[in-house]
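K.L.:
The structure under discussion is supplied below as structure tokens; questions concerning it will follow.
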Amino acid sequence: KATGDGGRTAKDRQLDGYRVSQEGTALTTDQGVRVADTDNSLSAGERGPTLLEDFHFREKITHFDHERIPERVVHARGSGAHGYFQVYEPLTDITCADFLSDPALKTPVFVRFSTVQGSRGSADTVRDVRGFATKFYTRQGVYDLVGNNMPVFPIQDGIKFPDFVHALKPEPHNEIPQAQSAHDTLWDFVQLQPETLHFIMWLMSDRAIPRSYRTMQGFGVHTFRFVNARGEGTFVKFHWKPRLGVHSLVWDEVLRLQGNDPDFNRRDLWETIERGSTPPEWELGVQLVPEENEHDFDFDLLDPTKIIPEEVVPVRPIGKMVLDRNPENFFAETEQVAFCTANIVPGIDFTNDPLLQARNFSYLDTQLIRLGGPNFPQIPINRPVAPVHNDHRDAYHQMTIHRSRTNYAPNSISGGCPGIGSHGVFQHYQERVDGHKIRRRSPSFGDHYSQATLFWNSMSGWEKEHIVAAFQFELAHVERRYIKERMVEHLGLIHPDLAGRVAAGLGLPAPAVTSVHDRSSPALSQARTAFDSIAT
Ligand code: HEM
């Protein structure tokens, strides 16, 4: 069983082997040689030069000089916690995933919550998306559900991710602004790339300033696929719902907290888990769409800028996750954990969402540099609890002493792992793929406004006020007037009321576009021409 004695999981027991306590031990070098003095370097005479032969000095300084590794290119600031996941009832009719088959099984998890834009040392309470990444240490290997606290993404194709992130991050010449997303480059990108608009509505809402990680929803965003033992697929969207409900800060609190307690969300998570009485808890839910209903929607299931409205496909609760143990070392666990959408287990598979396909490449690629080469899956926090057998060898930071005399397949000398039995083997979903090579967005991805309108219409009066105020605050910081004007025109295509109120706050004329069906505005067609030239 993945679960363990006295609430300890298989992952806890695996980590035991790596834990080191230094209390009450004598000081040594990395080579285990005891040293008596770590306050004074070895010098030639009391006031003379430091001697090169002082190996303790050199080792200590060298190690310090090399302490930093690159921070994540996005989601650099994060907080992690251990816990477990338990399914409510077997889901064997729709997926053969082992961890979703047995309600008695507690699967160990490690979750990392994060902001996206800021650097490692930035404040928690900024207006931003929050990452919600979960590593399930299943008996069939590691499964990563690398989600966010918003159900939609700003772009449809991963090839735009570097552009979006460059536009979102501080401007390149002066690295300003660090905290808020209010600046010309972001809004320039948004007005030229209207597929961002649905996401931007979420970003301007209170969802972007969560009160606590404990009161935050999580979403897998993409449509994934469950696959059962007969090889039959079902489309699935994942939802995490916090037991405590969804709660946000208000903007005044955000501004004050950034000064008073930049660790506000991190501290809240840590202290709650330390107290132990009410460990943070989420329910995992799924929206399921039978394969034959793939084209029943007025949007494309492969488009990550769209939700499936819950009124159309209800969310079915399938299990719960409890986070009940803090990491023992931030760097070893929270910083070195490496999530990847391509880490899937039998019973779960991808779809052709072009954003997901890009992610499947990007995470492993970036971790090769961030964590120093291909052996990072051997770092304790990343190690599966399932056994690992293969012929991967050598490379930087190899931690395993492989005892086999062979490291190739097939081999007739020491036997080999591939091909021994087929039980529990990952089988790629048998999707038929056909088509000419093409570099063009599917027309089924073309409606960038309807779900933004749906979002606006679903808001209460005070939620709308907060959204209008957020747009006003953000766009007031934009220097170029034409960017503000085009933004207001886009908002007019979402809802004239939204556009009118934002325009009034910015001292701009009411937008020329007053109906979602009116896309003839000169400014917008200029923007769209620029967009189309990118998209085709
Ligand atoms: C990191 C979510 C799209 C590239 C992350 C993390 C999360 C996340 C939660 C932080 C993981 C952690 O805590 O360590 C998402 C979601 C996306 C999305 C939900 C869309 C639905 C993309 C795309 C790309 C990308 C399209 C690139 C094509 C990265 C990279 C990192 C990252 C490079 C840093 C990973 C590391 O250094 O370990 N993302 N992301 N993401 N994401 Fe994404």
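Read-outs throughout are calculated quantities, based only on the coordinates presented, and are distinct from any laboratory measurement. Note that the structure is predicted; figures quoted are calculated from it, not measured. Neighbour counts are summed over all protein chains in view; Cβ atoms, including those assigned to glycine, are modelled from backbone coordinates with ideal geometry.
K.L.:
Which distance in nm do the two modelled labels at Ser422 and Ser460 give, with both placed 7 Å along the Cα-to-Cβ direction?
P.N.:
Distance between label points: 5.6 nm.
K.L.:
What residue among Gln472, Ile308, Ser450 has its Cα farthest toward the positive end of the dipole of the chain, where the charges are +1 on Lys, Arg and -1 on Asp, Glu, each on the Cβ?
P.N.:
Value: Ile308.
K.L.:
Give the cross-link partners of Lys169 among the lysines, using a straight C-alpha distance below 28 Å as the criterion and excluding same-chain residues fewer than 8 apart.
P.N.:
Partners found: Lys135, Lys160, Lys306, Lys464, Lys484.
K.L.:
Quickly rank 346-359, 128-141, 457-470 as a protection proxy: mean count of other C-beta atoms within 10 Å, highest first.
P.N.:
128-141, 346-359, 457-470
K.L.:
Rounded to the nearest Å, what's the spacing between the alpha carbon centres of the range 90-144 and the range 395-464? Just the number, please.
P.N.:
Rounded to whole Å, the Cα centres lie 16 Å apart.
K.L.:
Before anything else, pin down the relative contact order of the range 172-307: Cα pairs under 8 Å, at least 6 apart, normalised by residue count, whole percent.
P.N.:
That works out to 27 percent.
K.L.:
Here's something else I'd like to know. Relative to the longest principal axis of the C-alpha atoms of the chain, give the angle of the C-alpha long axis of helix 264-275, reported between 0 and 90° and rounded to the nearest 10°.
P.N.:
50 degrees
K.L.:
As a test of the formula, what do you get for the chain when each DSSP H run with n ≥ 4 contributes -39,500 (n - 2.57) and the sum is divided by the residue count, at 222 nm and rounded to the nearest 500 deg cm²/dmol?
P.N.:
Counting only the DSSP helices, I get -8000 deg cm²/dmol.
K.L.:
If you don't mind, another one. Full extension from Glu292 to Ala504: what is 0.36 nm times the residue separation minus their Cα-Cα distance, to one decimal in nm?
P.N.:
Going from the current span to full extension adds 71.6 nm.
K.L.:
Would you mind getting me the FRET efficiency between Glu431 and His402? Use the beta-carbon distance for r and R0 = 41 Å, nearest 0.05.
P.N.:
Step by step, r from the Cβ atoms, then E = 0.70.
K.L.:
When N counts the residues of the range 107-155, how does its alpha-carbon radius of gyration compare numerically with 2.2 N^0.38 Å, as a ratio?
P.N.:
Output field value: 1.35.
K.L.:
If packing is taken as the mean number of other Cβ atoms within 10 Å per residue, what is the order of 153-163, 16-26, 185-195, highest first?
P.N.:
185-195, 153-163, 16-26
K.L.:
Could you check the simple spin-label distance between Thr29 and Ala395, using points 7 Å along Cα→Cβ, in nm with one decimal?
P.N.:
Roughly 3.1 nm, to one decimal.
K.L.:
Could you work out how much longer the chain between Ser450 and Gln378 gets when fully extended? Use 0.36 nm per residue separation minus the Cα distance between them, nm to one decimal.
P.N.:
21.3 nm
K.L.:
Quick check: convex hull of the Cα atoms in the chain, volume per residue, rounded to a whole Å³?
P.N.:
207 Å³
K.L.:
Separate question: Between the range 224-267 and the range 52-87, what is the C-alpha centre distance in whole Å?
P.N.:
After rounding, the separation between the Cα centres reads 26 Å.
K.L.:
Kindly rank 311-317, 291-297 from highest to lowest mean number of other beta carbons found within 10 Å of each residue.
P.N.:
So the order, starting with the most tightly packed, is 311-317, 291-297.
K.L.:
Find which of Thr185, Asn260, Ile69 sits farthest along the positive direction of the dipole of the chain, computed with +1 on the beta-carbon of Lys and Arg, -1 on that of Asp and Glu, about the Cα centre.
P.N.:
Ile69
K.L.:
Starting with the fewest neighbours, write out Tyr396, Tyr84 ranked by other beta-carbon atoms found within 10 Å of each beta-carbon.
P.N.:
The order, fewest Cβ neighbours first, is Tyr396, Tyr84.
K.L.:
R0 = 22 Å: FRET efficiency of Ser122 with Asp324, Cβ-based, nearest 0.05?
P.N.:
So, using R0 = 22 Å, E works out to roughly 0.20.
K.L.:
Next question, about the same structure. When the chain is fully extended, how far beyond the present Cα-Cα distance does Ser277 get from Val246, taking 0.36 nm per residue of separation?
P.N.:
Separation in residues times 0.36 nm, less the Cα-Cα distance, equals 9.2 nm.
K.L.:
Related question: To the nearest 0.05, what FRET efficiency results for Thr92 and Asp16 with a Förster distance of 51 Å applied to their C-beta separation?
P.N.:
Using R0 = 51 Å, I get an efficiency of 0.95.
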